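*Asks:* Just passing along the structure, written as structure tokens.
The values are calculated or read from the model by the stated rules, or taken from the named source; none is laboratory data. Being a predicted model, the structure only gives us computed values, none of them experimental. Cβ: placed from backbone, ideal geometry, glycine included. Neighbour counts: every protein chain shown.
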Amino acid sequence: MDLRENIIQRILSVTESDFSSLSLEIFKYQYNNNTVYRKFCQLMGRTPDDVRQSEAIPHLPISLFKHNLIKTNEFQPEIVFESSTTTGQVPSQHAVRSLDLYKSIAVHGFELAFKRKVSTIKWFGLLPSYIERSNASLVYMVNDFIAQGGGGFYKSDFARLEDAIAKCEKENTPAVLIGVSFALLDFALYSSLRLKTTIVVETGGMKGRRQELTRTQLHDALKSKLVVNKVYSEYGMTELLSQAWSDGGEKFYPSPAMQVRIREITDPMTEVEMGVRGAINITDLANIDSCSFIATDDAGRRYADGSFEVLGRLDGSEQRGCNLMFQE
């Protein structure tokens with residue numbers, strides 16, 4: 001077993017107690033084998049000889065994924081995920097060496113968060129602005145879930161979607177309705193369903209289709225129209241392989257291979273205290289073949305249990321298609 005395969009096996013079984021040590025090992029591995037990341041670390045004055053704690057690992061600005069196909073080692077990607085954009089924006093690209101790794105990470109993260117097997121759930125995807133793109137990571141994840149549990153994607157055929165969900169409700173079959181915010185709102189306004197066995201998961205993103213709402217406002221509207229007690233959320237992005245899921249509240253809980261820390265907005269190498277607003281840094285160990293250490297353009301705050309909130313975009317950063325609902 002080579003070094004990469006050994007690291008991947010440990011990523012798939014990583015625990016909180018060994019997350020830090022594995023992060024340091026992956027930092028050294030990517031520093032030695034990732035040209036873009038090594039150049040960035042050198043500019044920051046950080047090398048594996050200098051970095052003794054995982055908190056000191058430099059996080060690569062996410063904007064570099066727009067102009068570089070960032071790889072650790074050379075390989076032919078199985079797919080290149082690409083972010084959604086508005087006119088004039090440059091999309092981010094993520095070269096994925098192993099789709100099996102992506103699928104394993106996504107399934108494991110969901111099943112831990114919801115205590116349910118993906119294969120026991122019917123999946124209904126409302127992702128109209130994504131399904132036209134074959135290289136959208138969110139579509140790929142949901143499509144894999146559908147392949148395991150059944151269901152399908154729906155664009156604007158709300159009558160057909162309502163019938164499919166109603167059948168699950170009648171048969172007491174667990175189901176998940178997952179979609180972008182504006183599509184879920186459109187469906188909620190159309191539908192007369194009262195959901196009992198169906199979980200609603202929003203992935204954010206009005207994308208100019210509706211007036212921007214806070215996450216609280218969005219969830220209140222969906223809960224009222226669909227008569228559910230909770231609306232769950234997913235936080236992911238093109239540049240990551242891991243996801244975070246909410247429990248129906250404001251906080252996201254990262255998958256095991258993912259950890260969030262909050263940096264000072266004006267000083268990228270300084271971490272803020274728990275509960276203080278700052279910019280989100282993500283360590284995604286599953287990104288073994290690109291870069292596991294990413295400085296996002298999202299604002300947020302972190303809590304002692306490892307959960308975090310997303311508080312919108314940093315000033316001057318581009319809007320994106322992932323979960324960017326602002327908090328009140």
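*Asks:* Consider VAL142 against the criteria (1) more than 25 Å from PHE81 (Cβ to Cβ); (2) part of a helix (DSSP H, G or I): it satisfies all of them except one. Which criterion is unmet?
*Replies:* The number of the failed condition is (1).
*Asks:* Looking only at residues that are surrounded by 14 or more Cβ atoms within 10 Å (Cβ to Cβ), β-branched (Val, Ile, Thr) and not in a helix (DSSP H, G or I) in the range 66-112, which one is modelled with the lowest pLDDT?
*Replies:* THR85
*Asks:* Can you find even one residue in the range 155-177 that is aliphatic (A, V, I, L, M), in contact (Cβ under 8 Å) with a residue 60 or more places away in the chain, under 18 Å from TYR232 (Cβ atoms) and buried (at least 17 other Cβ atoms within 10 Å of the Cβ)?
*Replies:* There is no residue in the range 155-177 that is aliphatic (A, V, I, L, M), in contact (Cβ under 8 Å) with a residue 60 or more places away in the chain, under 18 Å from TYR232 (Cβ atoms) and buried (at least 17 other Cβ atoms within 10 Å of the Cβ).
*Asks:* Return the residue satisfying two criteria in turn: it lies in the range 197-215 and is touching a Leu at 6+ places or on another chain (Cβ under 7 Å) and modelled with pLDDT under 80, and of such residues it is surrounded by the fewest Cβ atoms within 10 Å (Cβ to Cβ).
*Replies:* For the range 197-215, the residue satisfying everything is ARG210.
*Asks:* Which of the residues belonging to the range 36-55 are surrounded by fewer than 17 Cβ atoms within 10 Å (Cβ to Cβ) and of a type in the set (A, V, I, L, M, F, W, C)?
*Replies:* LEU43, MET44
*Asks:* Quick check on the range 26-35. Is at least one of its residues crowded, with 16+ Cβ neighbours inside 10 Å, under 21 Å from the mean Cα position of the chain (by Cα) and not hydrophobic (A, V, I, L, M, F, W, C)?
*Replies:* Checked against the condition, which is being crowded, with 16+ Cβ neighbours inside 10 Å, under 21 Å from the mean Cα position of the chain (by Cα) and not hydrophobic (A, V, I, L, M, F, W, C), the range 26-35 yields no hits at all.
*Asks:* Among the candidates GLY205, GLY236, single out the residue that is in contact (Cβ under 8 Å) with a residue 40 or more places away in the chain and touching a Gly at 6+ places or on another chain (Cβ under 7 Å).
*Replies:* Selected residue: GLY205, the only one of GLY205, GLY236 that is in contact (Cβ under 8 Å) with a residue 40 or more places away in the chain and touching a Gly at 6+ places or on another chain (Cβ under 7 Å).
*Asks:* Still on this structure, please answer the following. Answer with yes or no whether GLU271 is exposed (fewer than 15 other Cβ atoms within 10 Å of the Cβ), more than 24 Å from SER13 (Cα to Cα) and over 20 Å from the mean Cα position of the chain (by Cα).
*Replies:* no
Quick grid of which residues meet (1) within 26 Å of GLN9 (Cα to Cα); (2) of a type in the set (S, T, N, Q); (3) out of contact with any strand residue (DSSP E or B) (no Cβ under 7 Å at 6 or more places or on another chain):
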position	(1), (2), (3)
PHE124	no, no, no
SER134	no, yes, yes
LEU138	yes, no, yes
GLU171	no, no, yes
ILE178	no, no, no
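*Asks:* Take the residues of the range 113-136 that are at pLDDT 95 or above and among the small types (Gly, Ala, Ser): which is surrounded by the fewest Cβ atoms within 10 Å (Cβ to Cβ)?
*Replies:* SER119
*Asks:* If I ask for residues that are aliphatic (A, V, I, L, M), over 23 Å from the mean Cα position of the chain (by Cα) and not in a helix (DSSP H, G or I), which ones from the range 152-194 would you list?
*Replies:* If the condition is that a residue be aliphatic (A, V, I, L, M), over 23 Å from the mean Cα position of the chain (by Cα) and not in a helix (DSSP H, G or I), then LEU193 is the only one that fits.
*Asks:* Looking at this structure, is GLY249 out of contact with any helix residue (DSSP H, G or I) (no Cβ under 7 Å at 6 or more places or on another chain), under 27 Å from TYR303 (Cβ atoms) and among the small types (Gly, Ala, Ser)?
*Replies:* Spelling it out, GLY249 is indeed out of contact with any helix residue (DSSP H, G or I) (no Cβ under 7 Å at 6 or more places or on another chain), under 27 Å from TYR303 (Cβ atoms) and among the small types (Gly, Ala, Ser).
*Asks:* Tell me which of these TYR31 doesn't satisfy, since it passes every other one: (1) closer than 21 Å to SER255 by Cα; (2) part of a helix (DSSP H, G or I); (3) free of Cβ contacts under 8 Å to residues at least 40 places away in the same chain.
*Replies:* Going through (1) closer than 21 Å to SER255 by Cα; (2) part of a helix (DSSP H, G or I); (3) free of Cβ contacts under 8 Å to residues at least 40 places away in the same chain one by one, TYR31 breaks only (1).
*Asks:* Looking at (1) surrounded by fewer than 19 Cβ atoms within 10 Å (Cβ to Cβ); (2) farther than 23 Å from PRO256 by Cβ; (3) of a type in the set (Ser, Thr, Tyr), find the lone condition where THR15 falls short.
*Replies:* It fails just one condition, (2).
*Asks:* Shifting gears a bit: Name the single residue, out of those in the range 306-322 being out of contact with any Phe, Trp or Tyr (no Cβ under 9 Å at 6 or more places or on another chain) and at pLDDT below 85, that is nearest to ILE265 (Cα to Cα).
*Replies:* Only one residue tops the list, namely ASP315.
*Asks:* Would you mind telling me which numbered condition in (1) modelled with pLDDT of 95 or more; (2) closer than 20 Å to SER242 by Cβ; (3) more than 16 Å from the chain's Cα centre (by Cα); (4) outside any loop (DSSP other than H, G, I, E, B) GLU55 fails?
*Replies:* With (1) modelled with pLDDT of 95 or more; (2) closer than 20 Å to SER242 by Cβ; (3) more than 16 Å from the chain's Cα centre (by Cα); (4) outside any loop (DSSP other than H, G, I, E, B) applied to GLU55, the lone miss is (1).
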